[in-house]
Ligand code: AMP
Ligand code: ZN
């Protein structure tokens, strides 16, 4: 398996420390609001990374942190009259709803920053002792000029112009000493820690060093985060962790690209963002967004267009119809279709090669569509050998173990009952009565498609389907 490693700027063979315990740390969200689709593109990537490693035979331990204390959260929770904890819990729940709706796998853990403040303090004291950190009049800072390798990830050379920055979100050409610990001010009200340290709260960068060491150990196999995090966040994580432990922090750095809207990065500050809820209100299935992100290489920019999303909505419907029709196909002891099985094997091999070559999902998906074509051909033939059916079906689900786009929409029992009643009415040629049942089914958000041999399937009624 190969990955593009940001540290060395090239595609490299992936060799973990222990293939039965691949340690992955992913920078998660600050839960101050709903996640926007840009954040979610990155989280879908984390899932694809996980599924692909598992597909390649590795066992993984994956951690995504949740930042539940920062300037914006303190401000917003105050505005809403909520305690910080309560406020964070609310948006964390919404986040997990989004992850579930996007079919993102569950990771091994989701540590909250506020639960690891003791570990952050330990590192800060370690850095003070080693001379990498210093106290100032408003907090404790990291002295970037002390860390010789500063800039090795972002490939920048920072020799001069070292300023001091308290804010977490600076975006500068020059290196700056950054806050490890911010002293309490009255705006922080009751948000502070003071046991064994001056009253205050942690900076943002320190939490990832602390939580990754706590949950995964001193050297990670993979660290990932959106491309905007390379500098300063990941550069600062390296400086903190390596100065503290004296060991290499990360072996492979993976940075997925951004989601854009009209050629600008989607972000809260530009007010050009959509949430998953916005898409659902417009009638889109969350999985159509997932599918859209897979069709562009993870390191490339993806521009969001709702018209393109409609295309993916239709693709989802096509796949659903194919697979449900395939399941209804007459099966038996017919002769095996060796040609189709051979083509399916070629598609599966092509799929695997594409996934293993730096997660080339767009290429991998072309193989899924080849397989779907083979299956459609069998559906048109009207019958299939039982073991061919199983082999082809398994091939699709093997691919979907990476893609995660095929979902059998749970059709409620009352809809199934209505559909059965409709069939009985049609058998009796009571067309008008049968149509009434169809209307009720449509109104409930489902759709019946009649197949040959008076079979039928029920699919979701998509606003942007056919
Ligand atoms: P934040 O909550 O802003 O710290 O972001 C959480 C994750 O989303 C980070 O890994 C960011 O790099 C990523 N992210 C932010 N904006 C975008 C975007 N427009 N496209 C893709 N990823 C993004
Ligand atoms: Zn981080």
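The values are calculated or read from the model by the stated rules, or taken from the named source; none is laboratory data. Please read these numbers as outputs of a predicted model, since none were measured by experiment. No Cβ is skipped: glycine too gets one built from the backbone with ideal geometry, and neighbour counts run over all protein chains shown.
If you take just the strands (runs of 3 or more DSSP E) that sit entirely in region 134-220, which of them hold at least 1 residues that are modelled with pLDDT under 90 and within 32 Å of the chain's Cα centre (by Cα)?
Because the criterion is at least 1 residues that are modelled with pLDDT under 90 and within 32 Å of the chain's Cα centre (by Cα), the strands (runs of 3 or more DSSP E) in region 134-220 that meet it are 163-165, 176-183.
Does region 18-33 hold any residues that are away from ligand 2 (no atom under 15 Å from the Cβ) and either assigned to a loop (DSSP other than H, G, I, E, B) or surrounded by fewer than 16 Cβ atoms within 10 Å (Cβ to Cβ) (or both), and which are they?
18, 19, 20, 21, 32, 33
What's the total number of residues in region 262-293 that are surrounded by fewer than 20 Cβ atoms within 10 Å (Cβ to Cβ), within 15 Å of ligand 1 (Cβ to nearest atom) and in contact (Cβ under 8 Å) with a residue 24 or more places away in the chain?
The qualifying residues number 6.
Looking at region 317-327, is at least one residue within 16 Å of ligand 2 (Cβ to nearest atom), crowded, with 18+ Cβ neighbours inside 10 Å, part of a helix (DSSP H, G or I) and more than 24 Å from the chain's Cα centre (by Cα)?
Looking through region 317-327, none of the residues is within 16 Å of ligand 2 (Cβ to nearest atom), crowded, with 18+ Cβ neighbours inside 10 Å, part of a helix (DSSP H, G or I) and more than 24 Å from the chain's Cα centre (by Cα).
Does residue 93 fit the bill of being modelled with pLDDT of 95 or more, away from ligand 1 (no atom under 13 Å from the Cβ) and assigned to a helix (DSSP H, G or I)?
In short, yes.
State whether the residues of region 220-236 include one that is surrounded by 15 or more Cβ atoms within 10 Å (Cβ to Cβ), more than 16 Å from ligand 2 (Cβ to nearest atom) and farther than 19 Å from residue 24 by Cα.
Scanning region 220-236, I find no residue that is surrounded by 15 or more Cβ atoms within 10 Å (Cβ to Cβ), more than 16 Å from ligand 2 (Cβ to nearest atom) and farther than 19 Å from residue 24 by Cα, so the answer is no.
Against the definition (away from ligand 2 (no atom under 16 Å from the Cβ) and at pLDDT below 95), how does residue 271 come out, yes or no?
So residue 271 passes the test.
Within region 1-17, can you find the residues that are in a strand (DSSP E or B) and either in contact (Cβ under 8 Å) with a residue 24 or more places away in the chain or within 16 Å of ligand 2 (Cβ to nearest atom) (or both)?
Passing the criteria: 2, 3, 4, 5, 11, 12.
Hey, can you tell me all the residues within region 210-228 that are more than 16 Å from ligand 1 (Cβ to nearest atom) and in contact (Cβ under 8 Å) with a residue 40 or more places away in the chain?
210, 213, 214, 215, 216, 217, 219, 221
Restricting the search to region 239-248, which residues are in contact with a strand residue (DSSP E or B) (Cβ under 7 Å, 6 or more places away or on another chain) and either within 16 Å of residue 45 (Cα to Cα) or within 12 Å of ligand 2 (Cβ to nearest atom) (or both)?
240
Go through 86, 12 for me and flag whichever is under 20 Å from residue 230 (Cβ atoms) and assigned by TED's automatic domain parsing to the domain that holds residue 150.
12
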